[in-house]
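Single-structure report; data block below.
The values are calculated or read from the model by the stated rules, or taken from the named source; none is laboratory data. Predicted, not measured: the structure shown is a model, and the values here were computed from it. Methodologically, a virtual Cβ is constructed for each residue, glycine included, from the backbone with ideal geometry; neighbour enumeration extends over all protein chains shown.
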Amino acid sequence: MSTAPLSATPARRRPQRAAAGRFAVVPLLLFVAVAFGVPALAMAYGAFTTYNPGKPSQYTMGNLTASLQGGYLDALLGSVKLSALSALISVVAGLLVAQAVVTSRFAFLRKAVLSASGVLANFGGVPLAFAFMATLGNAGMLTTKLHLDQHGWSLYSFNGLTLVYLYFLIPLMVLSVIPSLDGLRRQWREAAQNNGATGWQYWRHVALPVLTPSLLGGFVLLFGSAFAAYATAAAMVGATVPLITLQIATALSGNVDPNATNIALAMSLDMVVIATLVMVVYIPLQRRSARWLV
Amino acid sequence: MAGVTASALTTEGRPAPSTANGSGPAGARGGVLAGLARIRWGRGTVLLVAGLYFLVPIATTLWFTVDNSPQGFSLDAYRQIFTVPGLWPALQLSLLLAVGTIVLVYLLLIPAVVAVRLGSPRLRTVVELTCTLPLVVPTIALTAGISDVLRWCNDNLAPTPFYATFLDAQNANFPVVLLLAYVVMALPLAFRTLDAGMRALDVRTLLEAAQNNGASRARAIVTVILPNLRSAMLNTAFITLALVLGEFTVASILGYVPFAVWIVNGNSAGQGPVTVAVSIVSLLLTWVLLLVLSVGSERRGRAQAQH
């Protein structure tokens, strides 16, 4: 009998608390609904409709079809190709750098590389473009000193852009793979060696399978950030390399044809679909890599 | 020896294994000279190439800004930073937006993060999902959506009293539109940072202790929880500041001229060296900021571990 009131008190308190908690979340949800939800829905709606000021908009698939044709399709494919290539190179290079750091005896090296990576991974945008233009652009220091232009080098091309993207993708990969490399237990390697495995066999049959989810997850993450990048490319190449972000910007600021805006919205929707796919692949991989590497 | 290094280099073509080879005790105990040579070469090459790749662009950019051919060395580009037209208004706008973004992020996220820590797992899922959603919509797509909303408002709100509000929101001196976009863009990282800081605290116990001592709930949160959250809040502020200072996409497409947009415009308007100098200075400042941040949080972490 005496336990009943005791257990009833917390039970009565808890819903109250939860309610107070929920109220604290309301401003955030409202804000996201307005500042993010409205533009996102407007984008989705605009992608499927026509726009004529003063007239009701009509449903159409024309924008989406147009966004997957001709120059727009080239831009989408260009973005996918650039992101995939630069992400792939960054995964390999990032793994090599991370491994070199993790196995190093110098604690200082590890600390320096980690801090530098944290900084460089955020170093997208305009300054990055300028740094590479000053270095490898048409009048860049290295271009003129080494006469690279005579060998057919141009920064303002697909390859040039790939080289620039590596600058923020490799640090991102280093940051995301170092925890996994730390999680590879020494005992696994010793066990493999005791069983007569060579270093290559250890990597082929033990380390890489364990690392695969985090490597794939890293690839997907890098792909996503390269795919969404705009500022660097805009400051650097203008529109000489077809990329979907550049196409959207051109269509939006063109201001000539109201239809162009709706095609830009359709292209944005294409991007959202791809970015969503990226997240859908990334999250389970993240969980899986967390399972082995506690 | 040459043969050994050569073979080491050929295996180096394959990723990672050879670099890792000697790190295990067995490799070292084996005492094979080849093994030792291999590690050094592998790791050394990787780090050297990476170091060159990451340092050369910075070094040559600095060189570019002080090399005023034909006279040679000159600091003109840096001197012009103080006189070049347009830079200060642009920087002012960026800083103003940064402060606004940070304040709004705090106001929205801190109560939410506290609530998530105290509330049910379902609440956490909802908030986590809400804060992750912006990652699915790339910045440029968000910008397209915003400009679509603005177009619709422009065409439909003119006869209504809301039109004045709508114009205010686009005021070039303090564009609320940009502020909203920046808060959305800052949410994912800010939530993670604040949530991680909150996870390190035993919020429930702290709150109960404060309330047992007679503090109201709000007061307990302000005087007990927030001071403990200081380093996470500082992290969030720095990250948000870096984001807003460097932001180019939304601002340039919507036609505003904060810092990053000014740099690009100035560069194409023929003020090459100054804009490169400004961008390198902004870059170095951001780096110092982030480095101070990472060193500071490490030191605090160590201090806490000692207690």
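Computed quantities for the displayed model
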item	result
Those helices (runs of 4 or more DSSP H) lying entirely in region B:143-213 with at least 1 residues within 32 Å of the chain's Cα centre (by Cα), under 19 Å from residue B:133 (Cα atoms) and within 11 Å of another protein chain (Cβ to nearest Cβ)	B:176-199
Leading residue by the ranking (farthest from the other protein chains (Cβ to nearest Cβ)) among those in region A:184-231 that are surrounded by 15 or more Cβ atoms within 10 Å (Cβ to Cβ) and not in a helix (DSSP H, G or I)	A:197
Enumeration of residues in region B:247-269 that are surrounded by fewer than 24 Cβ atoms within 10 Å (Cβ to Cβ), within 27 Å of residue B:109 (Cα to Cα) and touching a Phe, Trp or Tyr at 6+ places or on another chain (Cβ under 9 Å)	B:248
Members of region B:117-142 found to be buried (at least 24 other Cβ atoms within 10 Å of the Cβ) and not in a helix (DSSP H, G or I), listed by number	B:137, B:138
Per-region count, region A:188-200, residues closer than 17 Å to residue A:99 by Cα and either out of contact with any Lys or Arg (no Cβ under 9 Å at 6 or more places or on another chain) or among the hydrophobic types (A, V, I, L, M, F, W, C) (or both)	3
Which listed residue, of A:35, A:24, A:66, A:84, is buried (at least 18 other Cβ atoms within 10 Å of the Cβ), away from every other protein chain (no Cβ under 12 Å) and in a helix (DSSP H, G or I)	A:66
Residue match in region A:69-77 (condition: more than 8 Å from every other protein chain (Cβ to nearest Cβ), assigned to a helix (DSSP H, G or I) and under 20 Å from residue A:219 (Cβ atoms))	yes
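Yes/no per residue for (1) surrounded by 15 or more Cβ atoms within 10 Å (Cβ to Cβ); (2) modelled with pLDDT of 90 or more; (3) assigned by TED's automatic domain parsing to the domain that holds residue B:236:
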| residue | (1), (2), (3) |
| --- | --- |
| B:155 | no, no, yes |
| B:163 | no, no, yes |
| B:175 | yes, no, yes |
| B:185 | yes, yes, yes |
| B:203 | yes, no, yes |
